[in-house]
Amino acid sequence: MRLVVGFSAGGPTDVVARAFADHASRTLGQPFVVDNKPGANTILAAEAVAAAPADGYTLLVGATNHTMIPALYSARVKFDAVTSFAPVCTVAVSPTVLVTGPSMRAPTLTAFLQKVKAAPGERTYATPGAGSSGHFASEQFTRLTGTKMNHIPYKGAAQAVTDLVGGQVDSSFATLGSVLPQVQAGKLTALAVAAPQRSALLPQVPTFDEAGVKGYRADAWYGLLAPAGTAPAVLALLEKTAQSFAQAPATVEKLRSLGMEAQSVCGTAFGTQLQREVQGYTRLARELDLKTE
């Protein structure tokens, strides 16, 4: 069994893939091998799985950026992000959290919005790059709240967080795992979590709904997809294995150490989620005139 990952070894998607491979190998009594195919913002990995035989022996371990591919690279991809795959299950979710640094003292989301509205286009937000999940999450927020901020793109999350802590930028809509140590150390202030429920890792931080911004959600998922046409019986077995992985105490502990929560949205529900995200990101990219061909 081959688990294809569109990132280099060591990143969050790779760590999730290797944890699942270990669990699935023991559960099914068959070896699972992680195959890292980084490049082209995970397009290479997705292409490899879309073109693989639909026998259940090749799976894609994808993440939220999978549904951003049609919005950014429509002219170059050789697959459909939804119909070229059979959705198995999500296994983990990493909520997006709005954090501020020392350059913007705002103890609550209400105070943050007051400062942003008082200086349209002057307050800054950092992202790991144009077209990243952080960029989309930030633009979704500004549209929902009718605010305007200045986007400062970086070449990765690490430098963005460093400059946020250093006061070079005001805020960031970041995945929880990328900023959790700084929040716990008091170097960054977490104002709200973009998820339906509060995070067990930051139980004192409200959701956006609780803080007054209704309907804002931007959590990042990690999940399994098979080639389209994979037999229902095979998908059912993979789904059962993915659910048992997400429910295992060892998995819960491992994911929480990475700023993630175990989660399993499977089958048709996962497919509906994929389709909804593709439509939403494509619409937003069009509004932003954002292309990275």
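The values are calculated or read from the model by the stated rules, or taken from the named source; none is laboratory data. Just so it is clear, the model here is predicted, and its values are computed rather than measured. Cβ coordinates were reconstructed from backbone atoms using ideal geometry, including for glycine residues, and neighbour counts include every protein chain displayed. Keep in mind that these areas ignore ligands, DNA and RNA; they rest on the heavy atoms of the full protein, side chains included. Shrake-Rupley method; radii C 1.70, N 1.55, O 1.52, S 1.80 Å.
Data table
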{"item": "Cα pair distances of region 155-293 binned at 5 Å [whole percent]", "result": "2, 8, 13, 16, 18, 18, 13, 8, 3, 1, 0"}
{"item": "Angstrom value of the Kirkwood radius, inverse mean 1/r, which spans all Cα pairs in the chain", "result": "19.5"}
{"item": "Spatial separation of Cα centroids for region 1-62 and region 159-234, in angstrom", "result": "23"}
{"item": "Rounded percent of accessible protein surface that carbon and sulfur make up, the chain, 1.4 Å probe", "result": "52"}
{"item": "Region 193-261: trypsin sites (Lys or Arg not before Pro) falling in loop per DSSP and having at most 13 other Cβ within 10 Å", "result": "Lys214"}
{"item": "Residues whose placed amide H lies under 5 Å from that of Asp35, excluding near-sequence neighbours", "result": "Leu3, Val4, Val5"}
{"item": "³J(HN,Hα) computed for each position of region 46-63 - Karplus, 6.51 cos²θ - 1.76 cosθ + 1.60, integer Hz, glycine/proline x", "result": "5, 4, 4, 6, 4, 8, 6, x, 8, 10, x, 8, 10, 10, 9, 9, x, 9"}
{"item": "Region 1-41, relative contact order in percent, only Cα pairs under 8 angstrom and at least six apart counted", "result": "56"}
{"item": "Accessible area expressed per residue, region 119-162, with surrounding protein chains retained (probe 1.4 Å, Å²)", "result": "45"}
{"item": "Using alpha-carbon coordinates, inclination of helix 157-166 to the longest axis of the chain, degrees", "result": "20"}
{"item": "Per-residue [θ]222 nm for the chain (sum of -39500 (n - 2.57) over DSSP H runs n ≥ 4, rounded to 500)", "result": "-13000 deg cm²/dmol"}
{"item": "Helix 267-288 vs. the chain, principal-axis angle (Cα, 0 to 90°, nearest 10)", "result": "40"}
{"item": "Environment charge at Thr100 (Cβ cut-off 10 Å; Lys +1, Arg +1, Asp -1, Glu -1)", "result": "+2"}
{"item": "GNM result for the chain, Cα springs below 10 Å: residue of Ala246, Ala48, Ala185 fluctuating most strongly", "result": "Ala185"}
